[in-house]
1. Counting Lys and Arg as +1 and Asp and Glu as -1, each charge on the Cβ, what is the dipole of the range 205-318 about the Cα centre in debye, to the nearest 20?
2. Among DSSP beta bridges lying fully in the chain, give the percent that are antiparallel, nearest 5.
3. Students often check this: by mean Cβ neighbours within 10 Å, which of 143-153, 253-263 ranks highest, and how do the rest follow?
4. In Å and from the alpha-carbon atoms only, list the Rg and Dmax of the range 244-297.
5. Could you state the principal axis extents of the C-alpha atoms in the range 130-301, from the largest down, to the nearest angstrom?
6. Determine the dipole magnitude for the range 1-153: charges of +1 sit on the beta-carbon of Lys and Arg, -1 on that of Asp and Glu, nothing else is charged, the reference point is the Cα centre, and the result goes in debye to the nearest 20.
7. Mind ordering 1-12, 70-81 by average Cβ neighbours within 10 Å, highest first?
8. What does the extension gain come out to for Thr238 and Tyr46, with contour length at 0.36 nm per residue minus their alpha carbon separation?
Amino acid sequence: MLALGFESSCDETGVALVEDGRRVLAAPLFSQIALHRPYGGVVPEYASRAHLEKFTLLTQEILVQHSLRPGDISFVAVTTRPGLVGALLVGYQTARAAARFFRAPLIGVHHLEAHLAAVRLSNIELPYPALGLLLSGGNSAIYRLEQPGCVEKLGDTLDDAAGEALDKAAQILGMGYPGGPLVEEAARAWAETRGITPGDETQIESENIFPIIMHSLPRDKISFSFSGIKTALMRYRTSTPPADIRSLAFFYQERIVEHITRNLRHALDLFPQLPVVAAGGVLANERLRRELTRLCVEKNVQLLIPERAYCTDNAAMVAAAAHLYFARGITSQYANVTSANTFI
């Protein structure tokens, strides 16, 4: 069962050929990081134009490697929400054209559901029911997954997302864009100067200069917030005498990791024994992965995280999610493009 997937929700242009929703045969990807770096973030109009320019080339790359003809593709999958509307439209129209050429049905996919389905690309079946932890540049939320397309939101962010908080921190600290990897690198470097080995970061928790995020959050509530800690970082950055940038990165990252882990702990208290699927670009952070792993070991539940290559936006995960619909004969409710930021 071959599927052709298209991803263009933000600043990654991706096309993928996937077999049986698990085996990636080809997945060319064009990253727009260099295009948006001078602006410190994604410029929607530039993103849409880049998608328009690259989709044909990426699709052609697959067709050169694999001799595909009408009838060879079982279905075409495309991200239809959430995301930048212009970027989504480019991907949607491209996928429609491909579906027409290959005489295959077109399946619209929710971008967040696709992130969770990325574990299937490591030949791990997405378990149901389960808890889904989504952490990216635009989303920070925890869901209860009942079945494909049936998702209950348990809690999300009140303001900013975790990925945005890390990118903004890098800007405040003068590191560059994208910020997540740069903050992690600076935090690791500072920890090494203190002789702190990976896994022992909490031993200097008492030195953390940042307040605990939403310290009074009840155990039966799940909610994220990252705007306040960004403000605190800006104040420390401009303090006199100036603080060590690497130490700021370390303690800032620690607070974000603690906040995310505490929310997942609350979710596991409400729904014990459910496996956890954690996905999204922020899951490329090794510090976060270690702490989530420690929590799930403590709670004796399975933790599934996609391979690093499939944590960020890609088309293979879109095809993997669509396969769940197609294989079960379920009609996708994400047929049309919309910028809606929640599951329907």
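Laboratory data are not the source of any read-out in this text; all were calculated from the coordinates shown. Computed from a prediction, not measured in an experiment: that's the story for all the values here. Using ideal geometry, Cβ is built from the backbone for each residue, glycine included, and neighbour counts are taken over all protein chains shown.
1. Taking the Cα centre of the range 205-318 as origin, the dipole is about 160 debye.
2. Restricted to the chain, the bridges split so that about 60 percent are antiparallel.
3. For the peptides 143-153, 253-263, the packing ranking is 253-263, 143-153.
4. When restricted to Cα atoms, the range 244-297 yields Rg and Dmax of 12.4, 42 Å.
5. Result for the range 130-301: principal-axis Cα extents of 52, 30, 29 Å.
6. For the range 1-153, the charge dipole is close to 200 debye.
7. Ranking the peptides 1-12, 70-81 by packing returns 1-12, 70-81.
8. 65.9 nm
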